[in-house]
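K.L.:
Pasting a structure below so you can have a look.
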Amino acid sequence: MTKDFDSGGNAASIASVTDRVRAVAIGAPVTSVHFLGEKAAFVGAEENVFLASADGEISSVAVQGGGILCATSDGTRLVMGGDDGRLVALDAKGEVTLLATDAKRRWIDNVALHPDGAFAWSAGKTAFVRGGKTEEKSFDAPSTVGGLAFAPKGLRLAVAHYNGVTLWFPNMAAKPEVLEWAGSHLAVTFSPDNKFLVTAMHEPALHGWRLVDNRHMRMTGYPGRVRSMSWSVGGKALATSGADCVILWPFASKDGPMGKEPAMLAPLQARVAAVACHPKQDILAAGYSDGTILMVRMTDGAEILVRRNGTAAAAALAWNAKGTLLAFAAEDGEAGLLEL
C-alpha cells in the first residue's frame, strides 16, 4: 500500500488498486459493514446480514424478524437491534444468539459494546446495560436516546439525548453526570485516550467536551449533517463526513481542536458519506455520495482510487483489525473487498 501512495497516484498504481477489488454480490441495500475476524459482515436494511470471505464466498443469514435498525461489532460478534424489539448477536460462523427482547416490543435503535463483554442498547428513552460482570441495569434519559458509547476505560456509558449527554456508571450508586448543550445529540463517541467526548448533532455540527473539566468544543461549518465519524490510530484525529471533503479534527494535544482549524482532505464534487480510519496507519477510507471510494493518507492528503463513481452513494466502510482488508458497500448493495 505504501508503494501505491509513493508512486504519486499515477495511472498504473490506480489500476493496480481498483483491479484488486473483489466484487461482492449483495443484491440488497446495505446500511453498514463490520468485520468478524476475516469475514466482512454486510448489514442489510431488512432482516439479513451477508457474510463475505476474502475469496468471495458469500452467505446470507436472517437475524431479525423485521428491519435492522442498529449494528456494532467488536471483531468477534456483531450485535444488532431491530424494529421487532429483539437484540441479537451474530458470530463469524453465522450463528445467531438472542441477547434481549424489549418487554414492550419497542424498536431497539442504538447499541454499544464494551471490551469486557458487556453490551448496551436503547429503546425509546431507556438505556440498558448487561453482560460482563453486570446484571441488567436500566437508565431513563430525559428524552429519546440518540446514541450510546462505552468509555475506553471503566464501565461508563455515554447516553446522548436532547440537550446533552448523560454519563452513567451502571455499577455505581453515584448520580449520573450530565454534559449540557442545547440541541439534539445523535451519535456519540469517546476518544481512544478517554480525554474527549464528541457528539454528532441533528444540525450540521459536532459538539465536544474535554472530560477533565467539561470544557465545550464547538465544531461547526459543515454544509450537511455528520453521519459518519472515525478516530485515527491512537486517537490523534477525528475524521468526519458531512462536507465535500473529509474533515479531520486534531485531537493530539490536551486542548483537542479548540483554537485549531481542521484539515480538509480529498475534495470532490460530491459529499463525503462515510469514513473509516485504518487501525494501524495514518490512512483513511472515504466514501462519497456519487459512489466514489478513496484511500487517503492523512499526513499529506495523497489519494488512491478504490472505486470509481457509480449509480448509488457509498453507504458503509470498514477495515479488518489487521488493516489488510477494506470492505465497502453502496446504498444499492453493490459492494467490494480490497485486500492490501
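K.L.:
Based on what the data block shows, is Leu305 under 23 Å from His202 (Cβ atoms) and either open to solvent by less than 50 Å² (accessible area, probe 1.4 Å) or of a type in the set (Phe, Trp, Tyr) (or both)?
P.N.:
Criteria not met by Leu305.
K.L.:
Residue by residue through the stretch 151-198, note down the ones that are more than 25 Å from Val226 (Cα to Cα), within 22 Å of the chain's Cα centre (by Cα) and open to solvent by 40 Å² or more (accessible area, probe 1.4 Å).
P.N.:
Residues satisfying the conditions are Lys153, Gly154.
K.L.:
Taking the stretch 59-88, which residues are in a strand (DSSP E or B), open to solvent by 10 Å² or more (accessible area, probe 1.4 Å) and of a type outside the set (S, T, N, Q)?
P.N.:
Val61, Ala62, Ile68, Leu69, Cys70, Ala71, Arg77, Arg86
K.L.:
For the stretch 276-299, does any single residue satisfy the condition of being open to solvent by 10 Å² or more (accessible area, probe 1.4 Å), more than 19 Å from the chain's Cα centre (by Cα), among the hydrophobic types (A, V, I, L, M, F, W, C) and under 21 Å from Lys236 (Cβ atoms)?
P.N.:
No, that holds for no residue.
K.L.:
In addition: Name the single residue that is farthest from Val165 (Cα to Cα) among those in the stretch 210-232 being open to solvent by 40 Å² or more (accessible area, probe 1.4 Å) and of a type in the set (A, V, I, L, M).
P.N.:
Step by step, filter the stretch 210-232, then rank; the result is Met229.
K.L.:
Let me ask something else. Give the residue that is least open to solvent (accessible area, probe 1.4 Å), with candidates limited to residues of the stretch 95-148 that are among the β-branched types (Val, Ile, Thr) and closer than 23 Å to Leu51 by Cβ.
P.N.:
Taking the stretch 95-148 and keeping what is among the β-branched types (Val, Ile, Thr), we get 96-97, 101, 108, 111, 126, 129, 134, 144-145.
Still in the running and closer than 23 Å to Leu51 by Cβ: 96-97, 108, 111.
Numbers: Val96: 62, Thr97: 74, Ile108: 1, Val111: 19 Å².
Checking each candidate, the answer is Ile108.
The values are calculated or read from the model by the stated rules, or taken from the named source; none is laboratory data. Not measured: the values here are computed from a predicted model. We place every Cβ from the backbone using ideal geometry, glycine too, and count neighbours over all the protein chains shown. Keep in mind that these areas ignore ligands, DNA and RNA; they rest on the heavy atoms of the full protein, side chains included. Shrake-Rupley method; radii C 1.70, N 1.55, O 1.52, S 1.80 Å.
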